[in-house]
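Participant: I have a structure here, written as structure tokens, and I will follow up with some questions on it.
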Amino acid sequence: MAIASKARPKENNDWQLAGKLIPYAKRNIVTLIISVTLLVPLAIAGAVQPLIVGQAISLLREENVWSFLQDLSIEAALNRLIAILFATILIRLAFASVQGFLVQKVGQEITAGVRQDLFDHVTSLSSRFFDRMPVGKLVTRLTNDVEALGDVFASGAIGILSDIIYLLVIIGTIFALQWQLASLLILMLVPVAFLIVYFQAQYRKANYQAREELSQMNAMLQENVAGINVVQLFRREKLNAEMFRSVNDRYRDAVNTTIFHDSAVSATLEWIALVAIAGVLWLGGWFIYQDTLSFGVLAAFILYSQRLFNPLRQFADKFTMFQSGFTAIERINELMSQPIEIKDRDQDSLNAANLGEKASGEIIFDNVSFGYKPGEYVLKNLNFKIKSGEKIALVGPTGAGKSSIIRLLCRLYEPTEGRILVDGVDIRDIPQQELRRHVGVILQESFLFTGDVQRNITLGEDYPFEEVQRAAQVTNVDALIEELPRGYNTALRERGTNLSGGQKQLLAFARVAIRDPKILVLDEATASLDVGTEALIQSALEQLLEDRTAIIIAHRLSTIRDVDKIIVLKQGEIIETGNHDELLELNGLYAGLHRLHMLGE
């Protein structure tokens, strides 16, 4: 199913979900074992403390005194008990600090590992996936859900294990002291267990819905920020604010539902804990009246009653966090299970298909059909050949399929039918890195990353500064770069907002020139340039196009008059082919477009 759907997916078994973290936990297995081992002395030290308090009361009443205290005076015996109590406190403080640090460290390592793998997977997905997935929802899964997952492991998983060990030690201790009172306390745990399971199941469902609403809210926020100019120009502020308020209210209601189920668990535990203490006082008082129980043991049991329900409260809180984590794992798993549609074939095929330096740039579309949706073709039975070094133009009305041809050639999408050959090799047999090294694309609107000018030309690859300068000179952008405050080291803001549209486009030309591709694709690349800037780029284009295969998409027909061949498209089919003069003589679609262009001029 599509991730964008608001419907909750089929539930996975909690153990299956938790098992998905095992590979990440194995990377830190030594730290994890140490942190778990430290839980045992922590639990024992906590369980001993009520016994010491109870013994102090027994000592004052001179009943059931421990053997190693019997020969001591009351003052000396109390001092020894205080020393033992102080030692248990120091043990808990020291061990809890170390264990807490180790658990948090493992949790952060797991979080970082999951986040990295999720980012790597998302960036490997095809363009088809991003067509249907809003950016805000992706950001929510990469941030909020991954953080929730980290909290689950750091505070939830080990915390629950700690509570279980502590409960087991306490249960063993109280049964050793007095089995009737211990049985009473254990009986009180039965309704608690059922209530926790019920409320946490309800919390899980509500939490999933809350995260879906958060994704919707983030998606709307990202959309409004990205389109703020349109929002303000068309006075959409009030309408968009109302739409956001509706999503925000749904998110608030979903969160309130999770709060209700979480609070219900806490309130129920408080009530049952009070009933349990009252029951211990009643039954323990009767045993004292029968002279079968000491005051010291009863005092210890009252403390144990409180300590027995404290880990249960923490367990409920952590279980709530755990359910949030399971929700996060479900949502992350949905994303990780998205198939990588565009991937390289086996290594032997790739080695055989490696173009290397022999690439000449010949392109063949062999009976290619393509649709973004099943059964809805935007390209139908395309058959054409572009010879090495040939310059061709794609012309046609909006929606004819020109940009789709470029996306298929760059292998951002796979053809639904047919195949595309570069130098006689199916592009599916060419490594993606190799293919895109030989195909340089300049779009109408080029994206710039935050960073300096030089890094936006090299895009992280290791090019000498001299090559960067040469690429800038070839594309006539060097003069504009030198005019910037710090030249090639000038920092660019997000999306290059401190540059004009023409300057950004010129940087895109330099970005392609430095890679020296065999095939050059210009998708309305000069449409955003003013007359002066376009004059600068024309001479650069002449150098870039030399000895290269070129595919040019342009609405201004004057820019493609001198190409070797023009392919005219309509509704995804080729209806005319020829050079400028031949197509004018045909007096078809191209001639009509040319007349309209001349009227515009």
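Participant: Filter the range 82-126 down to residues that are small (Gly, Ala, Ser), over 30 Å from Ile340 (Cβ atoms) and in contact with a helix residue (DSSP H, G or I) (Cβ under 7 Å, 6 or more places away or on another chain), then give me how many there are.
Facilitator: 1
Participant: Further question: Where in the range 42-161 are the helices (runs of 4 or more DSSP H), entirely inside, with at least 3 residues that are among the basic types (Lys, Arg)?
Facilitator: 74-124
Participant: Let me ask something additional. Restricting attention to the range 435-444, which residues are at pLDDT below 85 and assigned to a helix (DSSP H, G or I)?
Facilitator: Residues satisfying the conditions are Arg436, Arg437.
Participant: Which numbered condition trips up Phe295, out of (1) modelled with pLDDT of 80 or more; (2) within 23 Å of Gly46 (Cα to Cα)?
Facilitator: Of (1) modelled with pLDDT of 80 or more; (2) within 23 Å of Gly46 (Cα to Cα), only one is false for Phe295: (1).
Participant: Right, next: Which of (1) more than 20 Å from Pro517 (Cβ to Cβ); (2) in contact (Cβ under 8 Å) with a residue 40 or more places away in the chain does Lys402 not meet, given it meets every other one?
Facilitator: (1)
Participant: Here is a follow-up. Given the criteria out of contact with any Phe, Trp or Tyr (no Cβ under 7 Å at 6 or more places or on another chain), buried (at least 17 other Cβ atoms within 10 Å of the Cβ) and closer than 22 Å to Asp516 by Cα, does Thr475 qualify?
Facilitator: no
Participant: Oh, and also: Starting from the range 559-572, keep only residues that are over 14 Å from Ala591 (Cβ atoms), then list their pairs with residues that are among the hydroxyl-bearing types (Ser, Thr, Tyr) whose Cβ atoms are within a distance under 9 Å, requiring at least 6 positions of separation or different chains.
Facilitator: From residues that are over 14 Å from Ala591 (Cβ atoms), the pairs are Thr559/Thr526; Lys565/Thr577; Ile567/Thr577; Gly572/Ser369; Gly572/Tyr377; Gly572/Ser404.
Participant: Something else now. Going by the conditions given, is Val98 surrounded by fewer than 16 Cβ atoms within 10 Å (Cβ to Cβ), of a type in the set (Val, Ile, Thr) and in contact with an Asp or Glu (Cβ under 9 Å, 6 or more places away or on another chain)?
Facilitator: Taking the combined requirement at face value, the residue does not satisfy it.
Participant: Let me ask another. State whether one or more residues within the range 93-116 are within 27 Å of Pro41 (Cβ to Cβ), charged (D, E, K, R), free of Cβ contacts under 8 Å to residues at least 24 places away in the same chain and out of contact with any Lys or Arg (no Cβ under 6 Å at 6 or more places or on another chain).
Facilitator: no
Participant: Same structure again: Just give me the residues in the range 546-560 being touching a strand residue (DSSP E or B) at 6+ places or on another chain (Cβ under 9 Å) and either over 12 Å from Ser388 (Cα atoms) or among the charged types (D, E, K, R) (or both), in sequence order.
Facilitator: Selection gives Arg548, Ile552, Ile553, Ala554, His555, Leu557, Thr559, Ile560.
Participant: Determine if the range 486-494 includes at least one residue that is more than 23 Å from Gly389 (Cα to Cα), part of a loop (DSSP other than H, G, I, E, B) and among the basic types (Lys, Arg).
Facilitator: yes
Participant: Within the range 355-370, work out how many residues are surrounded by 15 or more Cβ atoms within 10 Å (Cβ to Cβ) and either modelled with pLDDT under 90 or in contact with a helix residue (DSSP H, G or I) (Cβ under 8 Å, 6 or more places away or on another chain) (or both).
Facilitator: 9
Participant: Okay, next question. Just wondering, is there one or more residues in the range 219-233 that are within 22 Å of Lys205 (Cα to Cα), in contact with a Gly (Cβ under 7 Å, 6 or more places away or on another chain), touching a residue at least 24 places away in the same chain (Cβ under 8 Å) and not β-branched (Val, Ile, Thr)?
Facilitator: yes
Participant: Cβ-Cβ under 6 Å, sequence separation 6+ or interchain: first residue in the range 136-151 and without any contact (Cβ under 8 Å) to a residue 60 or more places away in the chain and assigned by TED's automatic domain parsing to the domain that holds Val247, partner crowded, with 17+ Cβ neighbours inside 10 Å and β-branched (Val, Ile, Thr). Which pairs?
Facilitator: Between residues of the range 136-151 that are without any contact (Cβ under 8 Å) to a residue 60 or more places away in the chain and assigned by TED's automatic domain parsing to the domain that holds Val247 and residues that are crowded, with 17+ Cβ neighbours inside 10 Å and β-branched (Val, Ile, Thr), the close pairs are Gly150/Thr111.
Participant: Only residues that are part of a helix (DSSP H, G or I) and in contact with a strand residue (DSSP E or B) (Cβ under 7 Å, 6 or more places away or on another chain): list them for the range 417-428, please.
Facilitator: Listed by number, the list holds a single entry, Ile427.
Participant: Which one is surrounded by the fewest Cβ atoms within 10 Å (Cβ to Cβ) among residues in the range 538-550 that are touching a residue at least 40 places away in the same chain (Cβ under 8 Å) and closer than 17 Å to Arg515 by Cα?
Facilitator: Asp547
Participant: Report, by residue number, each residue of the range 224-238 that is exposed (fewer than 14 other Cβ atoms within 10 Å of the Cβ) and in a helix (DSSP H, G or I).
Facilitator: Hits for the range 224-238 are Val225, Ala226, Ile228, Asn229, Val230, Gln232, Leu233, Glu237, Lys238.
Participant: Ok, one more. Being surrounded by fewer than 19 Cβ atoms within 10 Å (Cβ to Cβ) and under 26 Å from the mean Cα position of the chain (by Cα), is that true of even one residue in the range 480-493?
Facilitator: Yes, the range 480-493 contains a residue that is surrounded by fewer than 19 Cβ atoms within 10 Å (Cβ to Cβ) and under 26 Å from the mean Cα position of the chain (by Cα).
Participant: State yes or no: is Val265 among the β-branched types (Val, Ile, Thr), in the same structural domain as Met220 (by TED's automatic domain parsing) and either at pLDDT below 80 or within 30 Å of Leu78 (Cα to Cα) (or both)?
Facilitator: Answer is yes for this residue.
Participant: Of Leu221, Leu187, which residue is modelled with pLDDT of 80 or more and surrounded by 15 or more Cβ atoms within 10 Å (Cβ to Cβ)?
Facilitator: Just one listed residue meets the conditions, Leu221.
Participant: Report, by residue number, each residue of the range 261-272 that is small (Gly, Ala, Ser) and free of Cβ contacts under 8 Å to residues at least 60 places away in the same chain.
Facilitator: Within the range 261-272, Ser263, Ser266, Ala267 qualify.
Participant: Which residues, taken from the range 390-416, are part of a loop (DSSP other than H, G, I, E, B) and either β-branched (Val, Ile, Thr) or out of contact with any helix residue (DSSP H, G or I) (no Cβ under 9 Å at 6 or more places or on another chain) (or both)?
Facilitator: Passing the criteria: Glu390, Thr398, Gly399, Ala400, Gly401, Thr416.
Participant: Just a yes or no: is a residue in the range 448-460 more than 33 Å from the chain's Cα centre (by Cα) and either closer than 24 Å to Glu546 by Cβ or among the hydroxyl-bearing types (Ser, Thr, Tyr) (or both)?
Facilitator: Checking the range 448-460: not a single residue is more than 33 Å from the chain's Cα centre (by Cα) and either closer than 24 Å to Glu546 by Cβ or among the hydroxyl-bearing types (Ser, Thr, Tyr) (or both).
Participant: Check Leu312, Leu269 and return the single one that is within 28 Å of Asp145 (Cα to Cα) and either small (Gly, Ala, Ser) or surrounded by 19 or more Cβ atoms within 10 Å (Cβ to Cβ) (or both).
Facilitator: Leu312
Results for (1) closer than 30 Å to Phe130 by Cα; (2) outside any helix (DSSP H, G or I); (3) out of contact with any helix residue (DSSP H, G or I) (no Cβ under 9 Å at 6 or more places or on another chain), shown as yes or no for each residue.
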position	(1), (2), (3)
Asn207	yes, no, no
Asn218	yes, no, no
Gln222	yes, no, no
Asn240	yes, no, no
Ser246	yes, no, yes
Ala267	no, no, yes
Ala278	no, no, yes
Leu281	no, no, no
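Participant: So, one more: List the number of the failed condition for Asn498; all other conditions in (1) modelled with pLDDT of 75 or more; (2) within 35 Å of the chain's Cα centre (by Cα) hold.
Facilitator: With (1) modelled with pLDDT of 75 or more; (2) within 35 Å of the chain's Cα centre (by Cα) applied to Asn498, the lone miss is (1).
Participant: Looking at (1) at pLDDT below 75; (2) at positive phi, which is the one condition that is false for Arg313?
Facilitator: (2)
The values are calculated or read from the model by the stated rules, or taken from the named source; none is laboratory data. Computed from a prediction, not measured in an experiment: that's the story for all the values here. Cβ coordinates were reconstructed from backbone atoms using ideal geometry, including for glycine residues, and neighbour counts include every protein chain displayed.
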